[in-house]
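Participant: Could you have a look at this structure, given as structure tokens, before my questions?
The values are calculated or read from the model by the stated rules, or taken from the named source; none is laboratory data. Because the structure is predicted, anything quoted here is derived from the model rather than measured. All Cβ positions, even for glycine, are placed from backbone atoms using ideal geometry, and neighbour counts span all protein chains on display.
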Amino acid sequence: MVDFSVVLSYLINGLMMGCMYALMALGLALILGVLKIVNFAHGEFYMWSAYISYAASHFLGFNPILSLITAMAFAFLLGVLVEKLLITPFYTGKAVENYDLLITFGLGIVLVNLAVSVFGPYQVSAPPLSSGYIQMGPLNVSSGRLLAALLAVILMTTLLLVIKNTTIGIALRATAQDREVSSAMGVNVNLISTLGFGIGGMLAGITGALLGSIFIVSPTMGELPSGKSFVIIVLGGMGSIKGTLIAAIMLGLLENIGVLFFSPSYRDAYGFIVLIIVLLIRPTGLFGGETL
Amino acid sequence: MKHLHWKYAVPALILFLLVPLFVEKYTLHIFIMSLYYIIMVTSWNVLSGYAGQMSFAQATFSTFAGYVSTLLAINFGLTPFVTTIIAALATCLLGFLLGVICMKSQGIYHALMTIAFAQIFRITINIEYKITRGSLGLSSIPLFGISKIPYYYYILFLTVLTLLILDRILSSPIGLTLRAIKEDKTAATSIGINEIKYRQIAFLISSVFAGLAGAFLAHYTLIVSPESATISAMAIIIAMAIIGGQGSFFGPVIGAIGLQFLMEYLRDFGRLYLVILGIIMVLVIRFLPEGVVPKLSKIVSTYLDRKKIIKKDLNFVKNKA
Amino acid sequence: MFKSERIIFLMLMVFLVFSASITSFGADEIIIGAVGPLSPPGSVAAGEELKTSMELAVNEINERGGVLGRQLKLVFEDSRGTPEQGVAAVEKLISREEAVIITGEAHSSAAKAEMEVAHRYGIPFLISECWSDELTEIGYPEVFRIAPNNKSFSEKVREFIVGNGFKRIASIVEDTDFGIGNKDLIEKEVKELGLDYNFMIVDRTSMDFVPQLIQLKAFKPDLFVHFVTGPGSYLLVKQSYEVGLSPSIDTAMFMAGMDATFPEYWPTVGAAGQFVVYQSPYHNKAKFTDLTEPFVKKYTETYNRTPSYVALEGYDSILIIAEVIEKIGGTEPDKIIQTLEEGSFKGTRGIMEFPSDKSLGVWYHNAQSPMLFLQYTEVNQPVEESEIVYPKDVATTEMIFPTK
């Protein structure tokens, strides 16, 4: 006796959330693909950008789009900075086991608590791109969410086109496939790596600014989305863009439909449960093995 | 290659035994927490350091043990000493389960599996509040009376036990095999080492001690809650191990005590203390990836060697003269 | 290599033992220990209000010469609203700071664990803003409470439901004692009335409640009452509105958590916040004692923020403590307990008395609190201007429903 409009609401909400998850997960996938690094501070890029977006509109009076752009620029610069300062030892190949994991993990801790010190532990809310809701027949869809999801789709499409068609995009893919050979062929792999991290962080940042205006900005807001991003890229198969996108949509849908068919309280656990199940069957994820 | 030289372990032990005579109540509490963390960190190190399998589930193990021990004590009226042992064994089983789940996973996948495992556990505890009282936490039964001193000696006993057993295991062929697998898996498997079996062993060892420590903590702080199974709780353990020095045996020990006390001093700075902790961790990994203790060790031993060499040279010159 | 490790180890130990033994001895101050959520996952606004109002009270008293000629010192530890941190905080306050009494706290889950520590040490614990029935029901002699309790609240909610003729009630509750405790009580009341009830339990730290809200919408309730604290409560209101559940022409909303009264409400909730009914034991249209207005004025001037009822509770807590210590001329725990039981204390919210009869169950050591249900009738309406919709004898208007 499930209401059709209820299921439709779930599908739409799932799709919207999935699009935004995809944007963030893509950033993680990019960093992983090009630099072969696991970025445990991804959630903190997301969170800090949300704060910057909030600060831009609250203190500087920027309109939502301008705040978003500010947040994008910030996240990109932060990514570049982090890569130059912390990641470069990784390339020498002499780094400690799990260097990337550990150092980004530590960085994450610093960033979270720095945010608490700088912005205070209160949550804040950034002004939404749009408020209220749109009525589509029996359904109500939050207009802010819809707009954010559309923006996410536009940005992702742009990024994918860039990766496929521009020189930089090709350089990114080449470095992802084989760093040494690309270097030998004349690609400035260090520059590409820095760019890759910058762009990856930027994607997390955009997602943060978008979602911060829908939900709430708080120092620990990045933890769960970061976890979900990891679930997505692993599910989709690390390094596969197609896989990431599909897995993101799947997760968005699962979290909503799961509430309908299983317990609503376990919502945040579904992603993790599915992850374990999938990895048990296919240890490299659904589409694992492909590169960027 | 034994790690515990009696010449130095015994004076250290004596010092520890005398601690309650010198310090006041609250400081004793910090010592107790330090000892708890020593067990947590060294057992974590077995899996993540020696065996090279990055795990984020250590805090989950200890919290699980806390719940098992508490629930058994409350519902069946068993004494906490007995429930501690049962909890440790149950945690061992949980560790085995996690090991099985992670069996085919490597590197980042392995880490993620442990994270997923930890998150599912935490969420389950929260949701099944009828049994666990969810985020309210479960009030536990104390091991002793009001005074902290019996707790201190009890955890000291557990810690010494843990270190002794771990030392035996890690200096034995098992420890060497684990190291070999970590260094070069392909080479190890090519000479016939059953990598999976040894990984499971690492999981078992790592989890059983975490279980002991976790049960202790529950009956000491008298509260067990899902908060002890969060990423932040895990972060402290990892920070202690990394800053102390992942590869060595005593590195994590010193990391645990050092950081616990450091955190207490830093607590007066309010929220900044975690920032400082994080920065230290990042700096250490960046510039001293082996850890603080091995680095200091090198400095001290170079100094000692230099003294020896200078002494030898002096003697040589003297004898020549 | 290992020899040097050992040396380092010994050096560290010696250093630690000696440096840690150094304790600072303060002047002849009376230490009041306080706990509260100053960082997530606790409700930071509540913790800050408790802290600032207590500091205000302590400063006022100290300026007047302190208590028994000694200055009061407030040590406020962050419990984060979690049992674990709360335990550590109280442990520190009692062992290290040697507080003579513990007060504060805004989350029942933390308070439950904290009171165990206080009970063990025999130190009194005056709870400022935790509603769980259990806290006083258990009957520890050390525990006192000036906040309302869940039972009294659910009784009033029942009257409210009956008074307004609601028939189908839906709830979302957080997975804490506040949420689940209230849900159990309301469920009982509603079943007794023979009405329909549907509820869902959520993780308080969640951000997206839309899936649950969509399901509840299908239930077609006429009253949606939720028990969530922290920033999640604002998201719940916003998303409930966007999904078309409530506040709407068909479904009224009752926001039971304390966050409705904080200034953070409107910026986060926006247009969704209109027509929401909420509770507050304080409203400026109902002046309780001659202490109320001066406090509100002073607090607003000092902190640039209108105090909610949580701040009043914090202020009252300190007033009571100071009065008790003055009365007994000392700080012995048993005397404090005795005096609290026998006395009658004036605060900003009325006269408070702590019954010593254990057969009263939840009302043991629990002072009565006024309780008002208010409604925001306009967007961005300050609390002071909102209307009182319950109890009927002080109500300024009937409940208002949206017309769309």
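Participant: Only one of B:SER207, B:SER171, B:SER190 is within 14 Å of chain C (Cβ to nearest Cβ) and out of contact with any Pro (no Cβ under 6 Å at 6 or more places or on another chain). Can you tell me which?
Facilitator: Values: B:SER207 fails: within 14 Å of chain C (Cβ to nearest Cβ); B:SER190 fails: within 14 Å of chain C (Cβ to nearest Cβ).
Being within 14 Å of chain C (Cβ to nearest Cβ) and out of contact with any Pro (no Cβ under 6 Å at 6 or more places or on another chain) holds for just one of B:SER207, B:SER171, B:SER190, which is B:SER171.
Participant: While we're looking at this one, here's another question. Which of the following residues is within 14 Å of chain A (Cβ to nearest Cβ) and either assigned to a helix (DSSP H, G or I) or at pLDDT below 75 (or both): B:VAL253, B:VAL275?
Facilitator: Values: B:VAL253 fails: within 14 Å of chain A (Cβ to nearest Cβ).
Result of the check over B:VAL253, B:VAL275: B:VAL275.
Participant: Kindly indicate the residue of region B:279-321 that is small (Gly, Ala, Ser) and surrounded by 10 or more Cβ atoms within 10 Å (Cβ to Cβ) and also nearest to A:PHE40 (Cα to Cα) among those meeting that condition. Give the steps one after another, and end with the answer.
Facilitator: Restricting attention to region B:279-321, the residues satisfying the condition of being small (Gly, Ala, Ser) are B:291, B:297, B:301, B:321.
If we keep only those that are surrounded by 10 or more Cβ atoms within 10 Å (Cβ to Cβ) as well, we get B:291, B:297, B:301.
Values: B:GLY291: 20, B:SER297: 30, B:SER301: 36 Å.
The selected residue is B:GLY291.
Participant: Mind checking whether some residue in region C:181-197 is of a type in the set (Phe, Trp, Tyr) and either in contact with a His (Cβ under 9 Å, 6 or more places away or on another chain) or in a loop (DSSP other than H, G, I, E, B) (or both)? Break it down stepwise before answering.
Facilitator: Start the filter on region C:181-197 by keeping residues that are of a type in the set (Phe, Trp, Tyr), which leaves C:197.
Restricting the remaining residues to those that are either in contact with a His (Cβ under 9 Å, 6 or more places away or on another chain) or in a loop (DSSP other than H, G, I, E, B) (or both) gives none.
Within region C:181-197 (the criterion being of a type in the set (Phe, Trp, Tyr) and either in contact with a His (Cβ under 9 Å, 6 or more places away or on another chain) or in a loop (DSSP other than H, G, I, E, B) (or both)), the answer is no, since none of the residues qualifies.
Participant: Okay, moving on. Mind telling me which of the residues A:PHE62, A:PHE90 ends up being in contact with a Ser or Thr (Cβ under 8 Å, 6 or more places away or on another chain), more than 10 Å from every other protein chain (Cβ to nearest Cβ) and at pLDDT below 85?
Facilitator: Details: A:PHE90 fails: in contact with a Ser or Thr (Cβ under 8 Å, 6 or more places away or on another chain).
Only one candidate qualifies: A:PHE62.
Participant: Scan region B:219-237 for residues that are part of a helix (DSSP H, G or I), closer than 30 Å to A:GLY120 by Cβ and either touching a Leu at 6+ places or on another chain (Cβ under 7 Å) or not aliphatic (A, V, I, L, M) (or both) and jot them down.
Facilitator: Passing the criteria: B:THR221, B:PRO226, B:GLU227, B:SER228, B:SER232.
One line per residue, one yes/no per condition, for (1) part of a helix (DSSP H, G or I); (2) surrounded by 19 or more Cβ atoms within 10 Å (Cβ to Cβ):
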residue: C:ALA57; (1), (2): yes, yes
residue: C:GLU60; (1), (2): yes, no
residue: C:GLY65; (1), (2): no, no
residue: C:LEU74; (1), (2): no, yes
residue: C:ARG80; (1), (2): no, yes
residue: C:VAL87; (1), (2): yes, yes
residue: C:LYS92; (1), (2): yes, yes
residue: C:ALA99; (1), (2): no, yes
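Participant: Touching a Gly at 6+ places or on another chain (Cβ under 9 Å), within 30 Å of A:LEU139 (Cα to Cα) and aliphatic (A, V, I, L, M): which single residue out of A:MET24, A:MET72 fits that description?
Facilitator: When all the criteria are applied, what remains is A:MET24.
Participant: If you scan region B:105-125, which residues turn out to be more than 8 Å from chain A (Cβ to nearest Cβ) and farther than 20 Å from A:THR284 by Cα?
Facilitator: B:ALA118, B:PHE121, B:ARG122, B:ILE125
Participant: Here is a follow-up. Of the residues B:GLY247, B:GLY258, which single one is modelled with pLDDT under 75 and either at the interface with another protein chain (Cβ under 7 Å from one of its Cβ atoms) or in a loop (DSSP other than H, G, I, E, B) (or both)?
Facilitator: Unique residue meeting the criteria: B:GLY247.
Participant: Hey, could you check region C:72-120 for residues that are in contact with a Lys or Arg (Cβ under 7 Å, 6 or more places away or on another chain) and farther than 12 Å from B:GLY137 by Cα and say which is farthest from the other protein chains (Cβ to nearest Cβ)? Outline the logic, then answer.
Facilitator: Keep residues of region C:72-120 that are in contact with a Lys or Arg (Cβ under 7 Å, 6 or more places away or on another chain), which gives C:76-77, C:83, C:95.
With farther than 12 Å from B:GLY137 by Cα added as a condition, the list becomes C:76-77, C:95.
On the way: C:PHE76: 11, C:GLU77: 9, C:SER95: 4 Å.
It comes out as C:PHE76.
Participant: Still on this structure, please answer the following. Here are some residues: B:LEU161, B:LEU156. Which one is within 16 Å of the chain's Cα centre (by Cα) and either at positive phi or within 14 Å of chain C (Cβ to nearest Cβ) (or both)? Give the steps one after another, and end with the answer.
Facilitator: Working: B:LEU161 fails: either at positive phi or within 14 Å of chain C (Cβ to nearest Cβ) (or both).
On inspection, the qualifying residue turns out to be B:LEU156.
Participant: While we're here: List the pairs whose first member sits in region A:112-124 and is at the interface with chain B (Cβ under 9 Å from one of its Cβ atoms), whose second member is surrounded by 19 or more Cβ atoms within 10 Å (Cβ to Cβ) and among the hydrophobic types (A, V, I, L, M, F, W, C), and whose Cβ atoms are under 7 Å apart, counting only residues at least 6 apart or on separate chains?
Facilitator: Sorted first by the residue in region A:112-124, then by its partner, the pairs are A:ASN113/B:LEU274; A:ASN113/B:VAL275; A:LEU114/B:VAL275; A:SER117/B:VAL275; A:PRO121/C:LEU38; A:PRO121/C:VAL44.
Participant: Let me ask another. Confirm whether B:ILE191 is of a type outside the set (Asp, Glu), under 24 Å from the mean Cα position of the chain (by Cα) and closer than 30 Å to A:ASP100 by Cβ.
Facilitator: On the way: of a type outside the set (Asp, Glu): yes; under 24 Å from the mean Cα position of the chain (by Cα): no; closer than 30 Å to A:ASP100 by Cβ: yes.
It is false that B:ILE191 is of a type outside the set (Asp, Glu), under 24 Å from the mean Cα position of the chain (by Cα) and closer than 30 Å to A:ASP100 by Cβ.
Participant: Kindly indicate which of C:GLY361, C:GLY314 is modelled with pLDDT under 90, assigned to a helix (DSSP H, G or I) and in contact with an Asp or Glu (Cβ under 7 Å, 6 or more places away or on another chain). Steps first, please.
Facilitator: On the way: C:GLY314 fails: modelled with pLDDT under 90.
Criteria check complete, one pass: C:GLY361.
Participant: Still on this structure: For region A:93-108, what are the residues that are farther than 18 Å from A:LEU28 by Cα and within 10 Å of chain B (Cβ to nearest Cβ)? Step through it out loud before you land on a result.
Facilitator: Narrowing region A:93-108 to residues farther than 18 Å from A:LEU28 by Cα: A:93-97.
Correct list: A:LYS94, A:ALA95, A:VAL96, A:GLU97.
Participant: For C:GLY165, all conditions in the list (1) modelled with pLDDT under 90; (2) more than 30 Å from A:VAL259 (Cβ to Cβ); (3) within 15 Å of the chain's Cα centre (by Cα) hold save one; what is the number of the exception?
Facilitator: (3)
Participant: Could you please tell me which pairs satisfy a Cβ distance under 7 Å, a separation of 6+ or placement on different chains, a first residue in region A:199-212 that is in contact (Cβ under 8 Å) with a residue 12 or more places away in the chain and under 15 Å from A:ILE65 (Cα atoms), and a second residue that is buried (at least 24 other Cβ atoms within 10 Å of the Cβ) and of a type in the set (Lys, Arg)?
Facilitator: If the second residue must be buried (at least 24 other Cβ atoms within 10 Å of the Cβ) and of a type in the set (Lys, Arg), no pairs are left.
Participant: Kindly establish whether A:THR157 is within 14 Å of chain B (Cβ to nearest Cβ), under 22 Å from the mean Cα position of the chain (by Cα), assigned to a helix (DSSP H, G or I) and under 19 Å from A:LEU203 (Cα atoms). Even if it seems obvious, please write down each step before you answer.
Facilitator: On the way: within 14 Å of chain B (Cβ to nearest Cβ): no; under 22 Å from the mean Cα position of the chain (by Cα): yes; assigned to a helix (DSSP H, G or I): yes; under 19 Å from A:LEU203 (Cα atoms): yes.
The answer is no for A:THR157.
Participant: Name, by its number, the condition in (1) part of a helix (DSSP H, G or I); (2) over 24 Å from B:LEU164 (Cβ atoms); (3) at pLDDT below 90 that does not hold for B:THR60.
Facilitator: (3)
Participant: Kindly list the number of the only condition in (1) over 26 Å from C:TYR390 (Cβ atoms); (2) in contact with a Leu (Cβ under 8 Å, 6 or more places away or on another chain) that fails for C:ALA311.
Facilitator: In the conditions (1) over 26 Å from C:TYR390 (Cβ atoms); (2) in contact with a Leu (Cβ under 8 Å, 6 or more places away or on another chain), C:ALA311 misses (1) alone.
Participant: Given the options C:GLY232, C:GLY273, name the one that is modelled with pLDDT under 85 and within 14 Å of chain A (Cβ to nearest Cβ). Please lay out each step first, then the result.
Facilitator: Numbers: C:GLY273 fails: modelled with pLDDT under 85.
C:GLY232 is the lone residue from the list that is modelled with pLDDT under 85 and within 14 Å of chain A (Cβ to nearest Cβ).
Participant: Still on this structure: For residues in region C:317-351 being closer than 16 Å to C:VAL67 by Cβ and of a type in the set (Ser, Thr, Tyr), which is modelled with the highest pLDDT?
Facilitator: In this case the residue turns out to be C:SER317.
Participant: Another question about this same structure. Of all residues being over 13 Å from C:GLY350 (Cβ atoms) and either touching a strand residue (DSSP E or B) at 6+ places or on another chain (Cβ under 7 Å) or outside any loop (DSSP other than H, G, I, E, B) (or both) in region C:284-294, which is modelled with the lowest pLDDT? Just the residue, please. Don't jump to the end; show me each part of the working.
Facilitator: If we filter region C:284-294 for residues that are over 13 Å from C:GLY350 (Cβ atoms), which is where we start, we get C:284-285, C:293-294.
Filter again for either touching a strand residue (DSSP E or B) at 6+ places or on another chain (Cβ under 7 Å) or outside any loop (DSSP other than H, G, I, E, B) (or both), leaving C:285, C:293-294.
Working: C:LYS285: 67, C:GLU293: 84, C:PRO294: 88.
The qualifying residue modelled with the lowest pLDDT is C:LYS285.
Participant: Given the options B:PHE209, B:PHE203, B:PHE216, name the one that is touching a residue at least 24 places away in the same chain (Cβ under 8 Å) and closer than 26 Å to C:LYS112 by Cα. Break it down stepwise before answering.
Facilitator: Numbers: B:PHE209 fails: closer than 26 Å to C:LYS112 by Cα; B:PHE203 fails: closer than 26 Å to C:LYS112 by Cα.
Going through B:PHE209, B:PHE203, B:PHE216 in turn, the sole match is B:PHE216.
Participant: Kindly establish whether B:ILE141 is more than 30 Å from A:GLU97 (Cα to Cα) and either more than 14 Å from every other protein chain (Cβ to nearest Cβ) or assigned to a loop (DSSP other than H, G, I, E, B) (or both). Outline the logic, then answer.
Facilitator: Numbers: more than 30 Å from A:GLU97 (Cα to Cα): yes; either more than 14 Å from every other protein chain (Cβ to nearest Cβ) or assigned to a loop (DSSP other than H, G, I, E, B) (or both): yes.
Here the answer is yes, as B:ILE141 does meet what is asked.
Participant: How do the helices (runs of 4 or more DSSP H) wholly within region A:193-292 filter down when requiring 2 or more residues that are more than 16 Å from the chain's Cα centre (by Cα), more than 9 Å from every other protein chain (Cβ to nearest Cβ) and under 24 Å from C:LYS238 (Cα atoms): which remain? First the steps, then the outcome.
Facilitator: Details: elements: A:223-236, A:241-261, A:267-281.
Per the criteria, A:241-261.
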